[in-house]
Amino acid sequence: MGSVVVCGGSMIGLLAAAMLADDGFDVTVLEADPDPPPPTPVDAWDTWRRGVPQFRQPHNLFPRFRDVADAELPGLADALRAAGMFTENMLANMPPSINDRSSRPGDERFTYPTGRRPVIEAVVAAYVEQRPRVDVRRGVKATGLLAATDTVDGVPHVTGVRCADGSELRADLVIDAMGRRTPAAEWLQALGARPPEVQSEDSGFIYYTKFFAGPEMPPYMSGPLMPAESFSVLTLRGDNDTWSVTLFTATGDPALKSFRDTDVFDRVMRACPLQAHWLDGTPITDVLPMAGVLDRYRRFVVDGAPVATGFAAVGDSWACTNPSAGRGLSVGAVHAQALRETVRDHLDEPRRFALAWDAVTEERVAPFYRNQIADDRARVADMLAVRDGLEPPARSPQSLAFQVAMMSDPDVFRAALEMASCLAFPQDVLTRPLIRERVAQVTVPEAPVQLPMPRRSELLELIS
Ligand SMILES: Cc1cc2nc3c(=O)[nH]c(=O)nc-3n(C[C@H](O)[C@H](O)[C@H](O)COP(=O)(O)OP(=O)(O)OC[C@H]3O[C@@H](n4cnc5c(N)ncnc54)[C@H](O)[C@@H]3O)c2cc1C
């Protein structure tokens with residue numbers, strides 16, 4: 001077979017490395033961070049990569065991640081469970097208003113292991129690094145790309161990577177898995193490549209999270225993500241009897257910045273009757289804030305031609321969104337799976353590979369990005385309207401009807417879970433005849449249903 005260099009040895013770089021090594025490639029992973037994962041994954045929470053901001057933010061794995069793991073990475077889901085991941089079953093959150101609670105064929109697709117990011121990643125690292133064909137070099141920073149001296153139609157062909165220590169590595173394919181701050185586009189341009197197409201915006205959310213531990217995992221009395229006018233609550237179960245509670249708001253709502261204060265955070269959570277019990281554990285962190293999370297998408301085929309060959313961006317380095325839907329790892333895993341297929345089919349023909357990689361990326365993962373951007377813009381607009389004392393923008397009648405139907409119809413509820421968990425795109429689910437028919441049958445109440453959450457005026461009193 002051939003050789004591959006993966007720049008970036010976090011979750012998606014490691015998953016891609018394992019898949020390609022299992023196909024017979026010799027894979028070298030360069031990871032700038034020198035810290036090795038601890039031998040016992042649960043210790044990763046306290047000791048590993050403490051400087052990486054998103055490492056100690058809430059992470060959820062979702063059924064689609066498990067789905068890819070089952071298909072491509074035998075034993076990974078078991079290794080995650082063995083390290084103490086919580087086995088979540090999304091159907092357990094079926095609203096009480098759904099009367100038909102009988103199981104359906106395929107319900108097992110909604111089950112998945114999940115946990116805290118450092119612990120998940122420590123399991124993945126151990127799983128990947130045991131492979132003889134994978135060489136993970138920690139503490140080695142990639143600083144640029146190498147190219148062939150000849151270009152075809154002015155398109156540079158990447159042949160390797162330059163490292164900070166001056167060493168050079170040659171490969172048949174260079175994978176960029178350097179995450180949302182990747183410098184790879186500039187490196188390609190330094191080789192004479194045209195710039196990729198870039199879309200970028202700040203989604204405008206700010207997150208405040210506290211982690212807890214305790215003998216009893218809190219039960220769900222609502223879905224994990226609950227909107228409340230100008231803020232949302234996200235509650236996630238983790239590994240080894242831990243869980244996280246997140247409040248997030250629009251960055252343009254400075255009055256709510258005091259969520260950062262532990263007392264304010266707790267007061268607001270206590271005022272949410274369906275989630276207050278998630279505070280009933282031992283806090284294992286203070287309130288951890290995170291803002292400035294850019295949404296960014298890059299496309300490396302411009303006007304029908306690749307900007308470079310011998311190169312593929314995967315995971316967050318290709319596109320990243322704000323994390324309110326918790327999909328980055330699941331989407332990245334789908335992307336790594338698509339990369340494996342593209343490499344199998346096309347690596348021998350660089351131009352065809354680049355075009356096929358672009359096409360499969362657009363087909364299988366770009367819709368997740370676009371849907372997320374649309375959802376986020378709508379949610380931020382809601383939050384800011386409430387801040388300004390205005391009515392939130394009206395939702396489409398179809399969207400309102402779907403929201404009503406999913407609270408009473410078991411099949412529409414499952415359809416909603418498929419969309420939330422990245423098992424299917426909304427555009428596919430919503431056009432299924434059964435779902436269309438069921439949604440068309442519901443009557444949407446004239447006044448919106450008021451969720452049991454503090455209203456804006458109560459919220460401002462709570463934080464004052
Ligand atoms: C607040 C927050 C909450 C989130 N919650 C969720 C969630 O619930 N569920 C979910 O699925 N996703 C979530 N995400 C998104 C998720 O974290 C990302 O999608 C995921 O980390 C992407 O993985 P990656 O491997 O592509 O990139 P990264 O995790 O960013 O890894 C990139 C790696 O590249 C290395 N690197 C960078 N430059 C170099 C270089 N020059 N040379 C060598 N190595 C380099 C870095 O050290 C790093 O290890 C969240 C993100 C944030 C910010």
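The values are calculated or read from the model by the stated rules, or taken from the named source; none is laboratory data. Keep in mind that what you see is a predicted model, and the values were worked out from it rather than measured. Using ideal geometry, Cβ is built from the backbone for each residue, glycine included, and neighbour counts are taken over all protein chains shown. To get the accessible areas, we keep the full protein, side chains included, count just its heavy atoms, and leave off ligands, DNA and RNA. Shrake-Rupley method; radii C 1.70, N 1.55, O 1.52, S 1.80 Å.
Values as computed for the structure displayed
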item	result
Accessible area (Å², 1.4 Å probe, nearest 10) - ILE284	70 Å²
Relative contact order [Cα under 8 Å, 6+ residues apart], region 69-164, whole percent	22 percent
Total charge dipole magnitude, region 337-395, about the Cα centre, Cβ charges on Lys, Arg, Asp, Glu only, Debye to nearest 20	60 debye
Vicinal HN-Hα couplings computed from phi for region 35-48 (Karplus, 6.51 cos²θ - 1.76 cosθ + 1.60; Hz; Gly/Pro x)	5, x, x, x, x, 9, x, 5, 5, 4, 4, 8, 10, 9
Helix-only CD estimate at 222 nm, as mean residue ellipticity for the chain, using -39500 (n - 2.57) per DSSP H run (n ≥ 4)	-10500 deg cm²/dmol
For region 97-152 and region 45-79, distance of Cα centres in Å	6 Å
Charge dipole (debye, nearest 20) of the chain; +1 at Cβ of Lys and Arg, -1 at Cβ of Asp and Glu	380 debye
Exposed GluC sites (Glu not before Pro) absent - longest run of the chain, DSSP non-H/G/I/E/B, at most 14 other C-beta within 10 Å	217-445
Dipole magnitude of region 162-276, debye to nearest 20 (Cβ charges: Lys/Arg +1, Asp/Glu -1, about Cα centre)	120 debye
Contact order normalised by residue count of region 180-238, Cα under 8 Å, 6+ apart, percent	16 percent
Inverse of mean 1/r across different Cα pairs in region 1-99, Kirkwood, Å	16.1 Å
Accessible-area composition of the chain, carbon plus sulfur, in percent [1.4 Å probe]	53 percent
Gap separating the Cα centres of region 205-242 and region 365-439, nearest whole Å	21 Å
Per-residue ³J(HN,Hα) for region 250-256, Karplus 6.51 cos²θ - 1.76 cosθ + 1.60, θ = phi - 60°, Hz, x for Gly and Pro	7, 4, x, 10, x, 4, 8
Under the Karplus curve 6.51 cos²θ - 1.76 cosθ + 1.60, θ = phi - 60°, whole-Hz ³J(HN,Hα) for region 6-13, x wherever Gly or Pro sits	10, 8, x, x, 9, 3, 7, x
Rounded accessible area per residue of region 164-300, 1.4 Å, Å²	40 Å²
